[in-house]
Structures are given as C-alpha cells and as structure tokens.
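Okay, structure first, notes after.
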Amino acid sequence: MTNYDEFVKEQLKDPEFRAEYESLEPEFSIVLAINEARRNTGITQSQLAARTGIDQSDISRIETGDANPSLNTLKRLAAGMDMRLKLEFLPTEGKQTVQA
C-alpha cells in the first residue's frame, strides 16, 4: 500500500470526507476506465489524439480528471480505441428499483 492509499484510508474515517469522496466515484471510474482502455490497447495519448481528432493535451486533462468530457467526446475516445461506450444507471445501495 502506498502512502497515498494509507492517507485516503485514514481520511475516509471522517464522514464528511467519505461523503465527498464517494460523490466523486463516477468521475474516478470514468478516468480509470479511459486510462485502462488506452493502455490495454497499447496506444499512446498522441496516437489516440490522431485517431480521434481530440488534442493530446485534452486527452491528458481527461485522463488526470482535470476535464469533464461530454458524452460525444467519450464516444469518440471509445471509437478511437476500437471500443464502444457503455453507460449504466445502477440503484443506490439499499434501494430497490420499481418495475412497471
């Protein structure tokens, strides 16, 4: 475990910190998914930029969580990696979904 992981683990004991941290989970998931997908395809940010027409600097900002990509941008990134984008809406923990 890294010092950062230990720091976060300690901070998560604070309910206010935990709530804020958990509220950012969708953003973390997107950033992680993009990073993993690109690395698994074996292409660089520059190569992905050439395939998508998205500036490499913008891809870098997306991958570090410093940008909020649109759905269209996410679809372009997926296509540039010969992948498709899949989004899910999941019930909140402890809540049941209503079916018609």
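Give the residues of region 6-23 that are open to solvent by 70 Å² or more (accessible area, probe 1.4 Å) and either aliphatic (A, V, I, L, M) or part of a helix (DSSP H, G or I) (or both), sorted by residue number.
Glu6, Phe7, Lys9, Glu10, Pro15, Glu16, Arg18, Glu20, Tyr21, Glu22
Could you check region 24-38 and list, in sequence order, the residues that are open to solvent by 60 Å² or more (accessible area, probe 1.4 Å) and either touching a strand residue (DSSP E or B) at 6+ places or on another chain (Cβ under 9 Å) or modelled with pLDDT under 95 (or both)?
Listed by number, the residues that qualify are Leu24, Glu25, Pro26, Glu27, Phe28, Ile30, Leu32.
Please go through region 42-55 and give me each residue that is among the β-branched types (Val, Ile, Thr) and within 9 Å of Gly80 (Cβ to Cβ), ordered by number.
Scanning region 42-55 gives Ile43, Thr52, Ile54.
So which residues in region 49-69 are open to solvent by 60 Å² or more (accessible area, probe 1.4 Å) and polar (S, T, N, Q), if there are any at all?
Correct list: Gln56, Thr64, Asn68.
Table: residues versus (1) closer than 21 Å to Phe89 by Cα; (2) under 17 Å from the mean Cα position of the chain (by Cα).
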position	(1), (2)
Asn3	no, no
Glu6	no, no
Arg18	no, no
Leu24	yes, yes
Ser29	yes, yes
Thr41	no, yes
Ser46	no, no
Ser60	no, yes
Ala67	no, yes
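The values are calculated or read from the model by the stated rules, or taken from the named source; none is laboratory data. All values derive from a computational prediction rather than experimental measurement. For neighbour counting, all protein chains shown are included, and Cβ atoms are generated from backbone atoms with ideal geometry for every residue, glycine included. SASA here: full protein model, heavy atoms, side chains in, ligands and nucleic acids out. Shrake-Rupley method; radii C 1.70, N 1.55, O 1.52, S 1.80 Å.
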